[in-house]
Amino acid sequence: MKVALVHEWLTTYAGSDKVLAEIISLFPDADLFCLIDYLPENERAAFAKTKIRTSFLQRIPFSKHLYRHLFPLMPLAIEQHDLSDYDLVISNSHAVAKGVLTGADQLHICYCYTPIRYAWDFQHQYLAESKLTKGFRSALVRYLLHRMRIWDSRTSNGVDHFIACSGYIARRIWKVYRRPSTVIYPNVEVDDFVIGPGPREDFYFTSSRMVPYKQIQLIVEAFGRMKDRKLVVIGTGPLFKQIQAEATSNVSVLGFQPFPVLLKYMQKARCFIFASEEDFGIAPLEAQACGTPVLAFGKGGARETVVDGVTGLFFSEQTPQAICEAVERFESIEHKFDPERIREHARGFSTEIFKAKFRSYVDAKWAEHQQKVTSYPHE
């Protein structure tokens with residue numbers, strides 16, 4: 001069985017890249033196809049022995065920094081990868097990876113993080129956050145997203161089986177593609193996130209890339225109204241300077257920090273706060289692996305990773321007021337949250353469980369595929 005793996009881009013070793021690394025560990029002889037590869041040398045260990053092939057986008061000047069602006073070319077670029085020599089194709093897709101071309105005797109399994117968010121039901125939010133609600137640029141982007149929806153819908157037919165990263169995404173896959181899917185949660189490195197020594201300290205914590213949909217600005221604004229409570233924020237991104245400028249004296253915005261620093265704050269915090277609507281959301285589970293309860297916006301993947309009243313609490317609106325009220329509710333029952341019980345819940349999302357379920361699923365679908373191919377009457 002010759003295996004090809006397909007991934008959008010290698011630029012930072014983040015959530016989907018960590019899942020890809022575990023898939024590679026299951027299929028170490030597989031070749032990897034992606035649009036661009038600019039992964040820093042100090043983050044390449046998981047891919048050191050993997051043959052990586054990039055698309056023509058790699059050769060476009062300044063694509064390392066401007067690749068997101070090449071979005072209209074990505075469908076064309078992903079289709080240029082020649083996978084005809086492979087038996088099994090596994091796409092690790094949140095945008096265009098699933099659009100590779102495969103034949104009738106090839107098996108294509110897509111691990112799907114989401115149908116393209118900004119092309120489907122998040123289009124209007126994306127346009128508003130990008131300040132593209134009016135004018136020629138808005139009209140052009142709307143047209144390009146319209147074309148992307150047509151392409152995305154068509155290429156779903158080239159996938160034999162979908163795996164969804166959460167039940168929430170399984171529902172989105174059905175809504176957009178009218179295709180069933182099997183839920184296998186992404187891996188969380190629960191062994192790297194453990195309950196820390198000593199007592200917890202008097203501060204709340206959040207960490208994330210600082211982009212609009214992560215809603216870090218909402219959390220900072222909420223603690224601007226609760227000046228008797230401390231908040232620590234780790235992360236960087238386009239909104240970093242804006243959030244840093246808006247932070248009140250009780251809010252510490254630390255920017256990027258190395259893992260040991262992140263882990264220390266995760267272990268010592270009273271609570272981790274998570275305000276975005278995510279497809280899955282690994283950070284809340286990393287916090288729970290540290291025995292830290294989570295206050296989460298009660299929509300999206302968090303509904304499946306946080307147990308209300310046991311490992312954390314939900315708030316129902318993405319507003320500063322809702323976060324303030326959730327903090328007050330949490331403090332009234334804080335003594336009821338058991339760090340060991342919270343960590344035990346997080347262990348259900350471990351890398352070992354992911355790898356076992358993923359390999360079992362692929363093996364079963366490969367056996368079914370082989371039976372279909374060999375039993376079909378050939379002329």
For the residues Met266, Met148, Met1, what sequence is obtained by ranking on other C-beta atoms within 10 Å, fewest first? Met1, Met148, Met266
Over 15 Å, how big is the tail of the calculated P(r) for segment 37-127, in percent of all Cα pairs? 70
Would you give the gap between the C-alpha center of segment 343-374 and the C-alpha center of segment 227-258, rounded to a whole Å? 40
With Asp191 itself left out, Lys, Arg at +1 and Asp, Glu at -1 over residues whose Cβ is under 15 Å from its Cβ give -2
With θ set to phi - 60° and the Karplus curve 6.51 cos²θ - 1.76 cosθ + 1.60, what are the ³J(HN,Hα) couplings of segment 226-237 in order, to the nearest whole Hz, using x for Gly and Pro? 10, 5, 8, 10, 9, 10, 10, 10, 10, x, 9, x
Does segment 123-228 classify as rounded, prolate or oblate by the C-alpha gyration tensor (a ≥ b ≥ c root eigenvalues; a/c under 1.5 gives rounded; else a/b over b/c gives prolate, otherwise oblate)? oblate
Could you tell me the calculated FRET efficiency between Ala48 and Glu79, based on Cβ-Cβ distance and R0 = 30 angstrom, to the nearest 0.05? 0.60
Under the 0.36 nm per residue contour assumption, what length would be gained going from the current alpha-carbon distance of Arg329 and Phe256 to full extension? 23.3 nm
Put a dot 7 Å past each Cα toward the Cβ at Thr319 and Asp121; how far apart are the dots in nm? 2.2
Using alpha carbon centers only, segment 279-337 is separated from segment 62-138 by a whole-angstrom value of 31
What's the magnitude of the charge dipole for segment 204-347 around its Cα centre, counting Lys and Arg as +1 and Asp and Glu as -1 at the beta-carbon? Answer in Debye, nearest 20. 420
The lysines whose Cα lies under 19 Å from the Cα of Lys357, excluding any fewer than 8 residues away in the same chain, are Lys18, Lys365
Neighbours of Lys51 by Cβ distance under 15 Å: Lys/Arg at +1, Asp/Glu at -1, summed charge -1
In degrees, nearest 10, the alpha-carbon axis of helix 167-177 is tilted away from the dominant principal axis of the alpha carbons of the chain by 40
The answer for chymotrypsin sites (Phe, Trp or Tyr not before Pro) in segment 23-79 that fall in a DSSP coil and have at most 11 neighbouring Cβ atoms within 10 Å is Phe62
How would you rank Glu41, Glu246, going from fewest to most other Cβ atoms within 10 Å of each one's own Cβ? Glu41, Glu246
Please report Rg over Rh for the chain, where both radii come from the alpha carbon positions and Rh follows the Kirkwood definition. 0.98
Report the charge-dipole magnitude of the chain in Debye, nearest 20, computed about the Cα centre from +1 at each Lys and Arg Cβ and -1 at each Asp and Glu Cβ. 1000
With the Cα gyration tensor of segment 204-347 in hand, convert its eigenvalues to equivalent ellipsoid semi-axes via √(5λ) and list them largest first in whole Å. 21, 16, 15
Name the residue from Val232, Phe314, Gln288 whose Cα lies farthest towards the positive end of the charge dipole of segment 204-347, charges +1 on Cβ of Lys and Arg and -1 on Cβ of Asp and Glu. Val232
Please compute P(r) over all alpha-carbon pairs of segment 261-335, binned at 10 Å starting from zero, and give each bin as a whole-number percent. 21, 55, 23, 0
If neighbour count is taken as other Cβ atoms inside 10 Å, put Lys299, Lys227 in order from fewest to most. Lys227, Lys299
With labels modelled as points extended 7 Å from the Cα through the Cβ direction, what inter-label distance (nm, one decimal) is found for Lys227 paired with Tyr143? 5.2
Treat each spin label as a single point 7 Å out from the Cα along the C-beta direction, and report the Leu26 to Arg59 distance in nm. 3.4
Sort the following peptides by mean Cβ neighbour count (other Cβ atoms within 10 Å, averaged over residues), highest first: 4-16, 129-141, 186-198. 4-16, 186-198, 129-141
Just to verify a number: FRET efficiency for Asp308 and Asp202, C-beta to C-beta distance, R0 = 30 Å, to 0.05? 0.80
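Readers should treat all values here as calculations from the given coordinates under stated rules, not as data from a laboratory. Since this is a predicted model, take the numbers as computed values, not measurements. FYI the Cβ positions are ideal-geometry reconstructions off the backbone, even for glycines, and counts take in every protein chain you see.
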